[in-house]
Amino acid sequence: MKTQARVVVIGGGVVGVSVLYHLTKLGWSDAMLVERSELTSGSTWHAAGGFHTLNGDTNMAALQGYTIRLYKELEEITGMSCGLHHVGGITLADNRDRFDMLLAERAKHRYMGLDTQIVGPEEIAKIAPITNTDGILGALYDPLDGHLDPSGTTHAYAKAARMGGATIETHVMVQETNQRADGTWDVVTDKGTIHAEHVVNAGGLWAREVGAMAGVYLPLHPMEHQYIVTDEIADIYERSEEHPHVMDPAGESYLRQEGRGLCIGFYEQPCRPWAVDGTPWSFGHELLPDDFDKIEDSIAFAYQRFPVLETAGVKSVIHGPFTFAPDGNPLVGLVPGLRNYWSACGVMAGFSQGGGVGLMLAQWMVEGECERDVSAMDVARFGDWISPGYTLPKVIENYQKRFSVSYPNEELPAARPNRTTPMYDIFDQMGAVWGAQFGLEVVNYFANDGEDRYETPSFRRSNAFDATAREVKAVREAVGINEIHNFGKYEVTGPNARDWLDRIMAGRVPKPGRLSLTPMLSHKGKLIGDFTISCLSDTHFHLTASYGAQAYHMRWFEQHAQDGVTVRNVSDTLTGFQIAGPNARKVLDAVTRDATDLRFMDVRAMTIGTTPCLVQRVSYTGGLGYEIYCEPVAQRQLWHTLWSSGQDHGMRPFGMRAMMSLRLDKFFGSWLSEFSPDYTPAETGMDRFIAFKKNTDFIGRAAAEAERSNSPERTLVAFEVDAQDADVQGYEPVWVDGEVRGFCTSGGYSHHAGKSIALALIPRDHAQDGTKAKIEILGQMCDATLITTPLYDADGAQMRG
Ligand SMILES: Cc1cc2nc3c(=O)[nH]c(=O)nc-3n(C[C@H](O)[C@H](O)[C@H](O)COP(=O)(O)OP(=O)(O)OC[C@H]3O[C@@H](n4cnc5c(N)ncnc54)[C@H](O)[C@@H]3O)c2cc1C
């Protein structure tokens, strides 16, 4: 066995071999995979082998599309068969919400180049004749859906990787992974030690145990899962062509033809986690005992939907475990806090996602970044607050909701409240309707007495509409207050702090007492952050950005660490409030003498009431506003000070729903909607914050300059939409002159203007005021008009005055 390799991939399931193949494809042939048994010895061998593109996250859906198309390539390269059956598949909808979800997915597929179709009951009966269509409104048909041979496919990946120069060692068990001082790794196995620059954990069912060898907790958990293969069914084998897949979310089942019979699997509600205390190393090619009790209700439902099943005999039952992350997406990428240690775990649909996971991870390792935004599967989307106690109930919730409708406004209840601030009980008593962000409770809106303390999940305007309107009105006409606990906050100190910021951030680094807004760019010039920099002194800065991107941003800062600079994540040790609206100054002046001359974009330390605070004059709501930071121990006192002062000025608390409506009035973008690694500064207007004149080779400079001299084709614009009861959420197609020419990044209802607004990326040559377009919302073609004048404070007089 080799004792040296550039990369060691631990685990020979479908994910490990895909990573190995993609590494060789991108030029890292000195890659080695070690597998403790034979290839496929975890979840892979007993998978049902189904694949499909449908995924609520657009980037994940695109990567699933990539995975499916890859199988032909693998067959061609290796001459091996993946056992492909491209039989197509339909996903049924038996109620309005499920149908809305399919309509929204179909709309996205238009510009993604996926050739799906919405079909009605009659067509369903033709496509999938064993389906009882009673009560079915329609379905999404995807010709790409199908299934394959899990073992053949894994071996095809392995052969392609070997052809690219990689080595695969089976019956080699990794026992330890020890990092050397230079950041390289000793991978200790039962057959000797391998010294590697990089380690990839693709340990699947054992990923938790493999992670622990490096001192890492990876938030995933195995769940038991069962599918049944029937005996021969005449209605199936007498057909001239193979029966397509049928996903029936109402019955939480997926079904396809297997030989001359059928195969049906369930995501049952009485589901069971497996190996709660750790996956035994002795587990291998065995199955779990059959358990018909837990799928009894699911089977009864399936008999109604697919009557042929009722008389079919059972040929075999496959009951095995596979892993989930708390939100069901994979855990991929550089593990925060470690050097050269990569995760390729938590892949619950290895045959839909494995190719995309392999490609993205290989691009990240070899080229330094991925070609698209992988936030939805980035291992850094969970922070160091995550624990097994949180992961387990979330994984159970995710399994149970696998086939449920995912609503854009939905807040999932398991493992909550998990993290709260000192304001939790005060806001709760005031009627807060809570959401969660990065494990933290945040107020979405405040319900009045007599109103439900629960927002109805919906694709259309929800019951939060009136409450949001009230809060927006208070901010626009008087003053609103909300917490700034859910901002990502960083303290940057040291003699080289300014130099470091100049290199890391593309924008201007402000003078003491001032703020600046800046994009942070990747080496290829993609947006990887939108930051506010506050300069407290030349050696002391504060940064604010998205709360959910903390682990992602800290990982980047650590990768680009410099002597003489200390970066601390103070997101949860600095909290406070923002007050916004025309009366905000009066509220502040009543409780401090230090704010009267505070100009727009000033930052200053001051005492408010009795609380030492840092106050900056800036607002995301688009008018006069202040952010007031304090320590958590002082937050309640600060609240009482501001709230009592606010009573004379019409103060009202507001939540995230109002905030997201208010920002639309000014067409302000938000992280992962308008600003994400999928986009560049010039596409999104963030280039206006780039300091091209500064004498620093900031990261991404060359790409930003190239973009400046050669404008990108698309640009971010705003539309007023003639919407009915549903607003844009994101990724709806924009039609101009009868063709799909762009897509929405986000949108919503401007309660201030009484208009439905969409932000969208469209070709530059259509980006003129008044351009007429149509935006497809839940299957409706809504008239839209491009607008360039903000709906509030268009000249900035309120904000700056
Ligand atoms: C019943 C069932 C049906 C399924 N049906 C489908 C389906 O239809 N479509 C679909 O896409 N997915 C399906 N899945 C899920 C699919 O099986 C998984 O997504 C996939 O197998 C995950 O692959 P993996 O490579 O991440 O992990 P695994 O297959 O678990 O592979 C991990 C490998 O790592 C090795 N390993 C672990 N620790 C070490 C160590 N210390 N040293 C060396 N080697 C080590 C293990 O031996 C194992 O071979 C199904 C799962 C189940 C249980």
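From the residues in the stretch 730-755 that are among the acidic types (Asp, Glu) and outside any strand (DSSP E or B), which one is least open to solvent (accessible area, probe 1.4 Å)? Among those that are among the acidic types (Asp, Glu) and outside any strand (DSSP E or B), it is Glu732.
So which residues in the stretch 266-318 are among the small types (Gly, Ala, Ser) and either open to solvent by 70 Å² or more (accessible area, probe 1.4 Å) or free of Cβ contacts under 8 Å to residues at least 24 places away in the same chain (or both)? Steps first, please.
Applying the first criterion (among the small types (Gly, Ala, Ser)) to the stretch 266-318 yields 275, 278, 282, 284, 298, 300, 302, 312-313, 316.
Across the stretch 266-318, the qualifying residues are Ser282, Ala300.
For the stretch 193-208, the set of residues classified as assigned to a strand (DSSP E or B) and touching a Lys or Arg at 6+ places or on another chain (Cβ under 9 Å) consists of Ile194, His195, Ala196, Glu197, His198, listed by residue number. Of the set (1) near the ligand (Cβ under 8 Å from one of its atoms); (2) surrounded by 24 or more Cβ atoms within 10 Å (Cβ to Cβ); (3) within 28 Å of Ala104 (Cβ to Cβ); (4) among the aliphatic types (A, V, I, L, M), all apply to Leu63 but (1). What are the residues in the stretch 603-647 that are on the phi > 0 side of the Ramachandran plot and out of contact with any Ser or Thr (no Cβ under 8 Å at 6 or more places or on another chain), if any? The one that is on the phi > 0 side of the Ramachandran plot and out of contact with any Ser or Thr (no Cβ under 8 Å at 6 or more places or on another chain): Gly622. Of all positions in the stretch 94-103, none carries a residue that is free of Cβ contacts under 8 Å to residues at least 40 places away in the same chain, touching a helix residue (DSSP H, G or I) at 6+ places or on another chain (Cβ under 8 Å), part of a loop (DSSP other than H, G, I, E, B) and not β-branched (Val, Ile, Thr).
Scanning the stretch 528-547 for residues that are small (Gly, Ala, Ser) and over 20 Å from the mean Cα position of the chain (by Cα) turns up Ser534, Ser537. Listed by first and then second residue, the pairs with beta-carbon distance under 8 Å, at least 6 apart or on different chains, first residue in the stretch 193-220 and closer than 17 Å to Pro326 by Cα and away from the ligand (no atom under 11 Å from the Cβ), second aliphatic (A, V, I, L, M) and part of a loop (DSSP other than H, G, I, E, B), are Val216/Val335; Val216/Leu338; Tyr217/Ile386; Leu218/Val335; Pro219/Ala325; Pro219/Ile386. Checked against the criterion of being out of contact with any Cys (no Cβ under 8 Å at 6 or more places or on another chain) and free of Cβ contacts under 8 Å to residues at least 60 places away in the same chain, the stretch 476-494 has no qualifying residue.
Quick check on Glu397: is it at pLDDT 95 or above, in a helix (DSSP H, G or I) and open to solvent by 10 Å² or more (accessible area, probe 1.4 Å)? Give the derivation first.
On the way: at pLDDT 95 or above: yes; in a helix (DSSP H, G or I): yes; open to solvent by 10 Å² or more (accessible area, probe 1.4 Å): yes.
So Glu397 fits the description; yes.
With respect to the conditions (1) open to solvent by 40 Å² or more (accessible area, probe 1.4 Å); (2) in contact with an Asp or Glu (Cβ under 6 Å, 6 or more places away or on another chain); (3) closer than 30 Å to Asn496 by Cβ, Asp722 lacks only one, and its number is (3). The number of residues in the stretch 159-171 being away from the ligand (no atom under 11 Å from the Cβ) and open to solvent by 50 Å² or more (accessible area, probe 1.4 Å) comes to 3. For the residues Arg652, Arg663, the requirement of being surrounded by fewer than 24 Cβ atoms within 10 Å (Cβ to Cβ), of a type outside the set (S, T, N, Q) and within 22 Å of the chain's Cα centre (by Cα) singles out Arg663. Do the conditions hold for Thr789, that is, is it of a type in the set (Val, Ile, Thr) and free of Cβ contacts under 8 Å to residues at least 24 places away in the same chain? Against the criterion (of a type in the set (Val, Ile, Thr) and free of Cβ contacts under 8 Å to residues at least 24 places away in the same chain), Thr789 qualifies.
Candidates are the residues of the stretch 221-244 that are in contact with a strand residue (DSSP E or B) (Cβ under 8 Å, 6 or more places away or on another chain) and aliphatic (A, V, I, L, M); the one that is nearest to the ligand (Cβ to nearest atom) is Met223. Remark: pairs (first residue in the stretch 42-58, farther than 18 Å from His86 by Cα and within 6 Å of the ligand (Cβ to nearest atom); second residue open to solvent by less than 10 Å² (accessible area, probe 1.4 Å) and among the hydroxyl-bearing types (Ser, Thr, Tyr); Cβ separation under 8 Å; 6+ apart in sequence or on different chains) = Ser43/Thr323; Thr44/Thr154.
Looking across the stretch 283-334 at every residue that is among the hydrophobic types (A, V, I, L, M, F, W, C) and in a loop (DSSP other than H, G, I, E, B), the one that is nearest to Asp378 (Cα to Cα) is identified as Ala325.
Against the list (1) in a helix (DSSP H, G or I); (2) surrounded by fewer than 23 Cβ atoms within 10 Å (Cβ to Cβ); (3) within 29 Å of the chain's Cα centre (by Cα), the condition Gly215 fails is (1). Applying the condition of being assigned to a helix (DSSP H, G or I) and among the aliphatic types (A, V, I, L, M) to the stretch 106-120 and asking which residue is surrounded by the most Cβ atoms within 10 Å (Cβ to Cβ) yields Ala107. Looking across the stretch 121-157, the residues that are acidic (Asp, Glu) and outside any strand (DSSP E or B) come down to Glu122, Glu123, Asp134, Asp145, Asp149. Does Asp190 meet the test of being more than 20 Å from Val9 (Cα to Cα) and assigned by the TED database to the domain that holds Gly354? Spelling it out, it is not the case that Asp190 is more than 20 Å from Val9 (Cα to Cα) and assigned by the TED database to the domain that holds Gly354.
Out of the stretch 335-392, which residues are among the polar types (S, T, N, Q), over 22 Å from Ala275 (Cα atoms) and assigned to a helix (DSSP H, G or I)?
The first filter runs over the stretch 335-392 and keeps only residues among the polar types (S, T, N, Q), leaving 340, 343, 352-353, 363, 375, 387, 391.
Those left that are additionally over 22 Å from Ala275 (Cα atoms): 340, 352-353, 363, 375.
Those that are among the polar types (S, T, N, Q), over 22 Å from Ala275 (Cα atoms) and assigned to a helix (DSSP H, G or I): Ser352, Gln353, Gln363, Ser375.
The condition (being in a strand (DSSP E or B), of a type in the set (A, V, I, L, M, F, W, C) and open to solvent by 30 Å² or more (accessible area, probe 1.4 Å)) is satisfied by just one residue among Leu536, Leu515: Leu536. Since Gln353 meets every condition but one in (1) of a type in the set (S, T, N, Q); (2) within 22 Å of Asp678 (Cα to Cα); (3) in contact with a Gly (Cβ under 7 Å, 6 or more places away or on another chain), which condition does it not meet? Result: Gln353 fails condition (3) only.
One residue stands out among those in the stretch 172-189 that are part of a loop (DSSP other than H, G, I, E, B) and near the ligand (Cβ under 9 Å from one of its atoms): the one that is surrounded by the most Cβ atoms within 10 Å (Cβ to Cβ), which is Val172.
Look at Thr771 and say whether it is surrounded by fewer than 22 Cβ atoms within 10 Å (Cβ to Cβ) and touching a Ser or Thr at 6+ places or on another chain (Cβ under 9 Å). Steps first, answer last, please.
Details: surrounded by fewer than 22 Cβ atoms within 10 Å (Cβ to Cβ): yes; touching a Ser or Thr at 6+ places or on another chain (Cβ under 9 Å): yes.
So Thr771 passes the test.
You will find that of Arg555, Arg568, Arg476, the residue that is outside any strand (DSSP E or B), of a type in the set (D, E, K, R) and surrounded by fewer than 22 Cβ atoms within 10 Å (Cβ to Cβ) is Arg555 and no other.
If you go through the stretch 137-158 one residue at a time, do you hit one that is open to solvent by 40 Å² or more (accessible area, probe 1.4 Å), more than 16 Å from the ligand (Cβ to nearest atom), of a type in the set (Phe, Trp, Tyr) and within 30 Å of Gly779 (Cβ to Cβ)? Within the stretch 137-158, one or more residues are open to solvent by 40 Å² or more (accessible area, probe 1.4 Å), more than 16 Å from the ligand (Cβ to nearest atom), of a type in the set (Phe, Trp, Tyr) and within 30 Å of Gly779 (Cβ to Cβ).
The values are calculated or read from the model by the stated rules, or taken from the named source; none is laboratory data. No experiment lies behind these values; they were computed from the predicted model shown. Every residue, glycine as well, gets a Cβ built from its backbone with ideal geometry; the counts of neighbours run over all protein chains shown. When the accessible area is computed, the model is the full protein with side chains, heavy atoms only, and any ligands, DNA or RNA have been set aside. Shrake-Rupley method; radii C 1.70, N 1.55, O 1.52, S 1.80 Å.
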